[in-house]
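Enquirer: My questions all concern the structure below.
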Amino acid sequence: MQARDVMTREVVTVGPETSARYAAEVLADRGFAALPVVDDDERLVGIVAEADVLRDRLPQDPRPHLRRQEDTAAAPPPVLVHGVMTRAVRAVEATADVADVARLFVDEQLRSAPVVDGGRLVGIVSRRDLLRTLVRDDAQLRGDLLRLVEAYTGEPDAWHVEVSEGIATVQRTGGVPETSAETEEEAVRALARTVSGVIGVRVLPAATAVPSQH
């Protein structure tokens, strides 16, 4: 499963020449932690976060600071996004494995990351997007995996698939593999890993056919 399979495609963005105040309004109104910044070609050029627009924008109340010698002639903060945004963006490729994305979120304590394809912004993936993959109903997961296996092998009545708590169990119950059993097992495992919500897979040996009695 890849980032493009779980990402949110409708992304609210701002441009480098957007007012920093407007960016702050969007962050506050939408409850976002950050906004991707894109140029006219939809290429990701930065990200503006809550901390970026808060920095130096809340003037100190002079009353608690009467004994401090403040520089009252300090330059005003930048008014456009390009002056406050972070340019070193931690983005992920659309084809990134969601397991790697989850590890990135944990290791770097990220809440979300822009998703790019060839440098262009195509979506955004968040912790919530990843969590949604874990709460799909087992019956849905079973149906998705069974369809994939049957389509891959071209044998619609030769497989038994069960899913419990996201763990899939797959077994051939009829027919014979066109390739070796080992190759088919690896293919089935790979197919299972593409199903959003499947967190593990067991491929059992093919069931032995019971000979008919005459």
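Enquirer: Answer yes or no as to whether residue 111 is surrounded by 11 or more Cβ atoms within 10 Å (Cβ to Cβ), in the same structural domain as residue 48 (by TED's automatic domain parsing) and among the charged types (D, E, K, R).
Expert: yes
Enquirer: Of all residues in region 74-98, which are surrounded by 13 or more Cβ atoms within 10 Å (Cβ to Cβ), within 13 Å of the chain's Cα centre (by Cα) and touching a residue at least 60 places away in the same chain (Cβ under 8 Å)?
Expert: 92, 93, 94, 96, 97, 98
Enquirer: Name every residue in region 122-172 that is of a type in the set (S, T, N, Q) and outside any helix (DSSP H, G or I), in order of residue number.
Expert: Within region 122-172, the first condition is being of a type in the set (S, T, N, Q), and the residues that meet it are 126, 133, 140, 153, 164, 169, 171.
Of everything in region 122-172, those that are of a type in the set (S, T, N, Q) and outside any helix (DSSP H, G or I) turn out to be 126, 133, 164, 169, 171.
Enquirer: To continue, here is another question. Can you report the number of residues in region 88-120 which are hydrophobic (A, V, I, L, M, F, W, C) and within 17 Å of residue 49 (Cα to Cα)?
Expert: Applying the first criterion (hydrophobic (A, V, I, L, M, F, W, C)) to region 88-120 yields 88-89, 91-92, 94, 96, 98-99, 101-102, 104-106, 110, 113, 115-116.
Filter again for within 17 Å of residue 49 (Cα to Cα), leaving 88-89, 91, 105, 110, 113, 115.
The number of residues fulfilling the criteria is 7.
Enquirer: Also, quick follow-up: If I go through region 157-172 residue by residue, how many of them are surrounded by 13 or more Cβ atoms within 10 Å (Cβ to Cβ) and within 17 Å of residue 147 (Cβ to Cβ)? Outline the logic, then answer.
Expert: Filtering region 157-172 for residues surrounded by 13 or more Cβ atoms within 10 Å (Cβ to Cβ) gives 158-163, 166-172.
Narrowing the set further to residues that are within 17 Å of residue 147 (Cβ to Cβ) leaves 158-163, 168-172.
Selection size over region 157-172: 11.
Enquirer: Another question, if that's okay. Can you confirm whether residue 122 is within 28 Å of residue 197 (Cβ to Cβ), surrounded by 12 or more Cβ atoms within 10 Å (Cβ to Cβ), out of contact with any Phe, Trp or Tyr (no Cβ under 6 Å at 6 or more places or on another chain) and modelled with pLDDT of 90 or more?
Expert: Numbers: within 28 Å of residue 197 (Cβ to Cβ): yes; surrounded by 12 or more Cβ atoms within 10 Å (Cβ to Cβ): yes; out of contact with any Phe, Trp or Tyr (no Cβ under 6 Å at 6 or more places or on another chain): yes; modelled with pLDDT of 90 or more: yes.
So residue 122 passes the test.
Enquirer: Something else now. Looking at 198, 135, 176, which one is among the β-branched types (Val, Ile, Thr), closer than 30 Å to residue 109 by Cα and surrounded by fewer than 18 Cβ atoms within 10 Å (Cβ to Cβ)?
Expert: Details: 198 fails: surrounded by fewer than 18 Cβ atoms within 10 Å (Cβ to Cβ); 176 fails: closer than 30 Å to residue 109 by Cα.
The match here is 135.
Enquirer: Still on this structure, I have one more. Assuming residue 135 fulfils every condition listed in (1) under 30 Å from residue 90 (Cα atoms); (2) touching a strand residue (DSSP E or B) at 6+ places or on another chain (Cβ under 8 Å); (3) among the hydrophobic types (A, V, I, L, M, F, W, C) apart from one, which condition is it?
Expert: (2)
The values are calculated or read from the model by the stated rules, or taken from the named source; none is laboratory data. Source: prediction; values computed, not measured. Neighbour counts are summed over all protein chains in view; Cβ atoms, including those assigned to glycine, are modelled from backbone coordinates with ideal geometry.
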